[in-house]
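Colleague: After the structure tokens below, expect a handful of questions from me.
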Amino acid sequence: MANSTQSSPAPLRVGLIGYGIAGAVFHAPLIATTPGLELTAVVTANPERRAQAAARHPQARLLSSADELWPLGVDLVVVASPNRTHIPLATAALTAGMPVVVDKPLAATAAEGAALADLAEARGLMLSVFQNRRWDGDFLTVAELVRSGGLGRVHRFESRFERWRPKLKGGWRELGDPAEAGGLLYDLGSHLVDQALTLFGPAASVYAELDVRREGAQADDDSFVALTHADGTRSHLWMSATAAELGPRFRVLGSEAGYVSYGLDGQEDALREGRTPADAGWGETPAGLFGRLGTVDDSVAHPTLPGAYQEYYAGVVEALHGRAAAPVEPRDAVAALIVLEAARRSAAEGRTVTL
């Protein structure tokens with residue numbers, strides 16, 4: 001008689017390319033703590049980063065180049081290297097027959113992103129983009145309020161990623177070459193635009209102001225993007241490294257009520273401190289930092305839903321086993337890139353761009 005007890009499938013083997021902030025702080029800890037995934041290999045040529053990876057993930061093989069990864073035939077490749085390398089590395093992985101997760105932005109141009117999505121579809125392989133900010137606790141809270149009708153008909157969505165960094169830090173993110181996909185529009189704007197499109201659907205027009213404020217800066221560091229969605233909702237998005245005073249993270253105004261919250265979701269800071277979703281209290285926001293829901297005459301503290309970055313890679317596991325679609329579809333990332341390109345054109349030409 002056959003044993004009715006079925007063993008769990010072997011973990012899916014993951015090869016991570018890049019061990020800078022994206023790879024070390026975000027991807028590696030989330031992969032390592034997701035049931036069904038195993039961090040099998042880390043690609044980095046930097047000696048200091050190799051030592052860090054070896055200490056934190058001793059089970060992982062350390063490789064100096066992506067060319068050493070392809071022969072391993074891992075079950076998933078995660079591209080967390082500089083933006084200009086996203087397309088060539090993801091293309092090589094898909095061509096070698098391996099599903100891919102790419103950190104945001106997917107590409108420097110919408111055309112490159114669409115071509116990569118076409119390749120994944122042609123080869124029948126999962127391609128997903130790491131838009132982790134869809135799982136910020138404050139964004140999940142806003143999304144629930146919009147879905148439930150708790151605000152009435154939303155007419156304006158304000159969203160900010162603002163920082164006070166008056167001095168340049170150096171690195172490729174501050175380079176002005178468009179091929180680098182640097183600057184805040186592509187860095188923080190990739191998240192803000194994705195969130196706005198996720199909530200309110202396609203953009204019909206785009207207006208943008210992209211400024212370079214800091215001495216010696218080459219790429220935008222103080223930017224504003226306004227979207228008019230096809231349904232008439234307006235999204236106003238700010239991203240800045242030069243904000244000496246910070247505005248609200250979210251201000252959402254509807255026909256019945258508004259919602260305002262301050263401060264960033266705490267999951268990034270927790271990851272930087274070495275905590276993971278396996279720790280108690282992960283993603284929870286203290287009551288003193290809850291946003292407020294209501295009107296100027298009558299508002300109350302509204303509990304923030306727990307943040308859940310772990311849900312992204314849990315969704316990847318489901319997709320790789322054929323039980324669900326990718327947690328973030330590549331065509332969503334292409335739609336966001338179309339908006340980012342329109343924002344650049346709007347700022348350069350001083351006009352609103354119709355999509």
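Colleague: Length gain on complete extension for the stretch ASN46 to SER148, per 0.36 nm per residue less the alpha carbon to alpha carbon distance?
Modeller: In short, 31.9 nm is gained.
Colleague: In Å, what is the Rg of the alpha-carbon atoms in the range 268-355, and how long is Dmax?
Modeller: That works out to 19.5, 51 Å for Rg and Dmax.
Colleague: With only alpha-carbon pairs counted, each pair once and no self-pairs, how large is the Kirkwood hydrodynamic radius of the range 29-115 in angstroms?
Modeller: 13.8
Colleague: Considering only DSSP beta bridges with both partners in the chain, what is the antiparallel share in %, to the nearest 5?
Modeller: In the chain, approximately 55 percent of DSSP beta bridges are antiparallel ones.
Colleague: Then there is this: Computed on alpha carbon atoms, what radius of gyration and Dmax characterise the range 64-219, expressed in Å?
Modeller: Answer for the range 64-219, Rg first and Dmax second: 18.0, 54 Å.
Colleague: Between GLU284 and ARG56, what FRET efficiency follows from the Cβ-Cβ distance if R0 is 30 Å, with the result rounded to 0.05?
Modeller: Working from the Cβ atoms, E equals 0.80.
Colleague: Classify the range 79-137 as rounded, prolate or oblate from the Cα gyration tensor: take a ≥ b ≥ c as the square roots of its eigenvalues, call it rounded if a/c is under 1.5, otherwise prolate when a/b beats b/c and oblate if not.
Modeller: Because a/c hits 1.5 or more and a/b exceeds b/c, the range 79-137 counts as prolate.
Colleague: How far is helix 310-320 tilted, in degrees, relative to the longest principal axis of the Cα atoms in the chain, given as a value from 0 to 90 rounded to the nearest 10?
Modeller: 50
Colleague: Could you work out how far helix 330-349 tilts from the main Cα principal axis of the chain, as a 0 to 90 degree angle to the nearest 10?
Modeller: Approximately 50 degrees, to the nearest ten.
Colleague: Before rounding to the nearest 500, sum -39500 (n - 2.57) across all DSSP H runs of length at least 4 in the chain and divide by the residue total; then give [θ] at 222 nm in deg cm²/dmol.
Modeller: -9000 deg cm²/dmol
Colleague: Can you order the peptides 190-197, 148-155, 340-347 by their average number of other Cβ atoms within 10 Å per residue, highest first?
Modeller: So the order, starting with the most tightly packed, is 190-197, 340-347, 148-155.
Colleague: May I ask for the distance between the Cα centers of the range 77-151 and the range 293-350, given as a whole number of Å?
Modeller: 11
Colleague: So for the chain, what percent of the C-alpha to C-alpha distances run longer than 36 Å?
Modeller: Percentage above 36 Å: 21.
Colleague: Can I ask one more? Taking the Cα atoms only, what angle lies between the long axis of helix 189-200 and the longest principal axis of the chain, rounded to 10 degrees?
Modeller: Rounded to the nearest ten degrees, it is 70.
Colleague: Taking a ≥ b ≥ c as the square roots of the eigenvalues of the Cα gyration tensor of the range 187-338, is the shape rounded (a/c under 1.5), prolate (a/b larger than b/c) or oblate?
Modeller: Judged from the Cα gyration tensor, the range 187-338 comes out rounded (a/c under 1.5).
A short reminder: the numbers here are calculations on the coordinates, not readings from a lab. Computed from a predicted model, the values in this text were never measured in an experiment. No Cβ is skipped: glycine too gets one built from the backbone with ideal geometry, and neighbour counts run over all protein chains shown.
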